[in-house]
Every structure is written in C-alpha cells, then in structure tokens.
Amino acid sequence: MSAATARIAGARVPPTVLSAIAFGWALAVGAELSGRGSALHHDALIEGKLPYALALVLFLMAWQAMLAAMMLPSSLPLVRLFSAAATAQPRPRAAMAAFLGGYALVWTAFGSLAFVADTLVHASVDRTPWLHHHEWLIAGGTLAIAGTFQFSRLKDRCLEVCRHPGAFLLRHYERGLAGGFTLGRRHGLFCLGCCWALMLLMFAAGVANLWWMAALTALMVYEKTGPGGRRAVPVAGIALLACAALVLAHPHWLPALLGGSH
C-alpha cells in the first residue's frame, strides 16, 4: 500500500468541520426553543423596519449556520478525502479553509439571490390584491418546483458527481489555497445543482424550522450517500408534488406543512 493510499484509507473528517455541523444544529435548536427563530425568517426581515442591507446580513448569518447544519453532512465524504490529500501540502488547514470557503461562497450567493428574489415577490404581492389573497399559491408553486426538479436531468447529473467524491477529487484536485478554493467552489456548484430546489423549500419554511431542516438534511444525505439514494429521488419528488397538490387544493393545510412558520 502506497503512502498516499494509506493516508486516504486512514483519513478522518476534521474535528472543526464536525464542530461546525454541531454548532449549526445547536443554533437552530436554540432558536426554536427560545422562540426567536421567527425573527430571522426572511419574511420578518423583509417586512421589518431594519435597513435592507442589515436585514440581508442578518439573514446570511443565519443562512451560514443552516448551511453548516444541512449541507456539510452530505459533503463529508469529499471533505474526508480532501483532508487526507491536503496533509501532503505545506498548509493543510489553510487548504481546508479555502476549500470550505469556496463551497460556502456558492451557497451564500444562492441565499443572497433567494433573499432578493423574495423581496421582489413581497413587492408583487403588496401591489396585487388578488395575489395578496392567494399567497398560498406561492408556497404550493415552490413545492411543485421542488418536486418536479427531482425528475430532471440536471438533478441526476449533479447527483452522479456528488455520489463519487473520489473520482471528483482525482479529476480536479490541485495543491495550494487557490486549488482548494477552486475545488470547493466547483463542488459547491454541483451540490447546488442537485439541491437548490430542496434548499428553496428550506428558505420558504424558515431558517430555523427544525422539522424541515431534519427531513431535508436526511433526504439530501441519503440521496448522495445512501445505498438506495437513486430510488429515493423519485419517491421524494412524488411526495413533494403530493404536498403541492394538497396546498393548492386545501390552502388551510399550509401552516401545518410548514410547521407553523407562516
């Protein structure tokens, strides 16, 4: 067995990454138990009296915690392999930080765009009386989009890459901080490609909604790493489309589906 092979075989996930995941969940649980999670919901921030820039910053701070709690678990196989490969570099910890920074950048950009888009949705609702009285169409449409995307070719292609972290690392790994950042950013793009619609649901439910966080995290992890991950994708799609149909047919079910966040 070569030194590189032995290094990878004995690799472990860095404790700092596991701590970040635990910290993200601790914050979510704390926000739920204290009842303060709703203050960081995008609806409250957009409709509140805070300056828009400050509202966006506060949302992104909560978004980072949610990313650590939800997205890092599904990326642990690649994180472990990258950690092993980076030990041969002069600055392995800095390389790991650059890798995670590139990954976070992609999801932070998505969160920012979602927040801005939701601001436009709020403005449209305020200007359109009919839409104001049919807001549940937005939630139902979001569920329908997420369910439909489960059957898309883009979802399949990006999941295929995420399911084979070893091949991805061998193809794209480069030494140095720039190499780590580029790898993290590239991985983030594929991760975004297969999970953006599910995270859009999380955005709709709220950044501290524990039930949706737990369910979507379990789904994303299983889709990428579980032995039956391929079969879980269409099953989840059917379930989400059924929820969409339920909301569109019976809007009064919406608060129950979203855990009372709306």
*Take the Cα atoms of the chain, build their convex hull, and give its volume per residue in Å³.*
128
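Per 0.36 nm of contour for each residue apart, how much would the distance between TRP211 and ILE238 grow if the chain were fully extended, relative to their Cα-Cα spacing?
Values: separation 27, 0.36 × 27 = 9.72 nm, distance 1.92 nm.
Here the answer is 7.8 nm.
For segment 32-176, what is the accessible area per residue in Å², given a 1.4 Å probe and the full set of protein chains? Write down the numbers at each step before the final one.
Details: 7480 Å² over 145 residues.
About 52 Å² of surface per residue is accessible.
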*Quick one: helix 229-249 against the long Cα principal axis of the chain, what's the angle to the nearest 10°, folded into 0 to 90?*
10
*Range of Cα positions in segment 63-179 per principal axis (Å), largest first*: 62, 28, 21
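Give me the tail of P(r) for segment 25-99 as a percent: Cα-Cα pairs with distance above 16 Å. Before the final figure, lay out the partial values.
Values: 1732 of 2775 pairs.
Looking at segment 25-99, the distances longer than 16 Å represent 62 percent of pairs.
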*Against the globular-protein guess of 2.2 N^0.38 Å, express the Cα radius of gyration of segment 139-227 as a ratio, rounded to two decimals.*
1.21
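Roll a 1.4 angstrom probe over the protein heavy atoms and tell me the percent of accessible area of the chain that is carbon or sulfur. It would help to have the intermediate numbers written out before the result.
On the way: 9050 of 13120 Å².
Carbon and sulfur together cover 69 percent of it.
When 1/r is averaged over all different Cα pairs and the result inverted, which Kirkwood radius in Å belongs to segment 200-248? Present the calculation step by step, with values, prior to reporting the outcome.
On the way: mean 1/r = 0.0859 Å⁻¹.
11.6 Å is the Kirkwood radius here.
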*Mind jotting down the three principal axis lengths of segment 76-138 based on Cα atoms? Whole angstrom, largest first.*
62, 18, 9
_Rounded to 10°, Cα long-axis angle of helix 15-34 versus longest principal axis of the chain_ = 20
*If you line up the long axis of helix 72-86 against the longest principal axis of the chain, both from Cα atoms, how many degrees apart are they, to the nearest 10?*
20
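The values are calculated or read from the model by the stated rules, or taken from the named source; none is laboratory data. On a predicted model such as this, the values are computed, not experimentally measured, just so you know. Remember, those area values only see protein heavy atoms, side chains included, never the ligands or the DNA or RNA. Shrake-Rupley method; radii C 1.70, N 1.55, O 1.52, S 1.80 Å.
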